[in-house]
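What follows is a short report on a single structure.
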Amino acid sequence: MTTQNSAMALVDLSSLSCPVCLDLLTAPVTIPCGHSYCRSCVQRHWGQQSGPFSCPLCRRAYGRKPTLKPTFQLAALVDGVRQRTPPAAKRRERPRDLSCDVCEEKQETKRRRKKRRSSPDTVQEHDETQKRVSRVHILYNLELKQAELKKLHQQPHHIHRTARETLERVDESFSLLSLLLEKTRAQVKEQMYLYKKDQLRSIQENQERLQEEVSELKESLPELDPLDADDEEDLPTKAPKPSETNLDQSEAWSFCGHVTSSVSSLCLSLQSTLELFCPPEPEPVNRAGFLRCACDVSMEPTSAHAGLSLSADNRQVILRSPAPPPPDHPDRFTHYRQVLSREALSGRCYWEVERSGWGAVRVALCYRDIQRRGHVDTCAFGHNPESWSVDISDKGFSFCFKGKRVELAGPPASRLGVYLDHSAGLLSFYSVSHSMNLLHRLHTHFTQPLHVGVWFYWGYQGDSVYFPKLQNNPFIQMICV
């Protein structure tokens, strides 16, 4: 115990005092410059600064607030000194000659430091130090702002250069794409020309061969003896079947349909890719917006059923009595009284169809490769997954898809409006009279261009539908969605 007290007596109390409060250290901490302070004192000192943070003793500046590291050995020494120092009350009761040397030395040190801090030279030095610190801080911020301003000045030039280079590359790509499309178009034309030439040559060869056979048969007629009655009974009752030829009409139409379908799929794929850069526009909200998307619709005569006739530039379809069958064609519907449009629709389209008569008609959109022959669901609009249709009758409207019918709420009307956004997979139907009312809207995915179809599934002679050329009508109000 005596040894410990002797060691404590040799400790310089100034090294255990806080340079801020000039008292024994309380919870001592050390900053990077090596000086130690009371934790509360140094925190209170830095709380009065907005940065940079400096050491109260040596004035060393830091860009950010330093980490306070506890000094456990120094704290142990301070605790030892406090334990051997009597309380203040007891020190005041002691005689003057029994005063503690440690306390006297501590008071003297405090007075000496206070005098040094309050001297004019010290105050001037402190002010100059603060000015230097403030100047360093201002210069640091000024350098940061100038660097940021320089970077902002360079950004417009960088943006212009990047945009110019990108446009140049895009122009090159589109030029190559244009050349590739033109080359493909020329190849398709060449293939069709060669196919047509080959088929015509085959027809000519068959004609020449048959003509030779006919001539040989005619030349051999005089050489034959007259037939008696018994020989006539042996003649076949039916005409012989014509010999096979190399030309197959259905095969020819299949080849042409394959070429058309392939080119259409290529156009859709290209359109979907380009729409990544040009997002589709929203659906119009008034009639003027729909009219900007208006398109012409006319029917294809070669697809019309024998019980239908076309007029008004193929814009009107009329139900008629059975008539002499028209020439056979692979595109013609053979059982259902249906007809398909000539135009293949893609992109954003709007059209209207008006019904006249007492029957019921079905207006549909379907793919061109829909089956045409036979009494099967794959031929009927609205009874397969490749056609979407709406029925119009005196009772109102109904939607039909895959053979399932859904009655649509809406006032009866003789005119139907149809909006198509092919790339977005959006199809909307509207009843059109003095106002436009939404009947049905569906979202799906179309894989091919769509054709408009008409089906008179029951009706009377003279019933018709008409696809008018659309013009703005001020009496038709805004759409009700």
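The values are calculated or read from the model by the stated rules, or taken from the named source; none is laboratory data. None of the values given here were measured: they were computed from a predicted structure. Backbone-built Cβ (ideal geometry, glycine too); neighbour counts: all protein chains shown. These area figures cover heavy atoms from the full protein model, side chains too; ligands, DNA and RNA do not enter into them. Shrake-Rupley method; radii C 1.70, N 1.55, O 1.52, S 1.80 Å.
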Qualifying residues in region 371-395 (those that are among the β-branched types (Val, Ile, Thr) and open to solvent by 10 Å² or more (accessible area, probe 1.4 Å)) - the one nearest to residue 458 (Cα to Cα) | 376
Looking only at region 34-65, count how many residues are hydrophobic (A, V, I, L, M, F, W, C), part of a helix (DSSP H, G or I) and touching a strand residue (DSSP E or B) at 6+ places or on another chain (Cβ under 9 Å).
-> 2
How many residues, within region 16-25, are assigned to a loop (DSSP other than H, G, I, E, B) and either over 19 Å from residue 76 (Cβ atoms) or at pLDDT below 85 (or both)?
-> 6
Result of the Cβ filter at 9 Å on region 364-375, keeping first residues that are closer than 15 Å to residue 302 by Cβ and partners that are small (Gly, Ala, Ser) and assigned to a strand (DSSP E or B), at least 6 apart or interchain, is 370/387; 370/453
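Given the criteria closer than 26 Å to residue 138 by Cα and either without any contact (Cβ under 8 Å) to a residue 12 or more places away in the chain or open to solvent by 50 Å² or more (accessible area, probe 1.4 Å) (or both), does residue 48 qualify? It would help to see each step written out before you state the result.
Working: closer than 26 Å to residue 138 by Cα: yes; either without any contact (Cβ under 8 Å) to a residue 12 or more places away in the chain or open to solvent by 50 Å² or more (accessible area, probe 1.4 Å) (or both): yes.
Judged against the criteria, residue 48 is a match.
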Is region 335-355 home to any residue that is open to solvent by 40 Å² or more (accessible area, probe 1.4 Å) and of a type in the set (Phe, Trp, Tyr)?
-> no
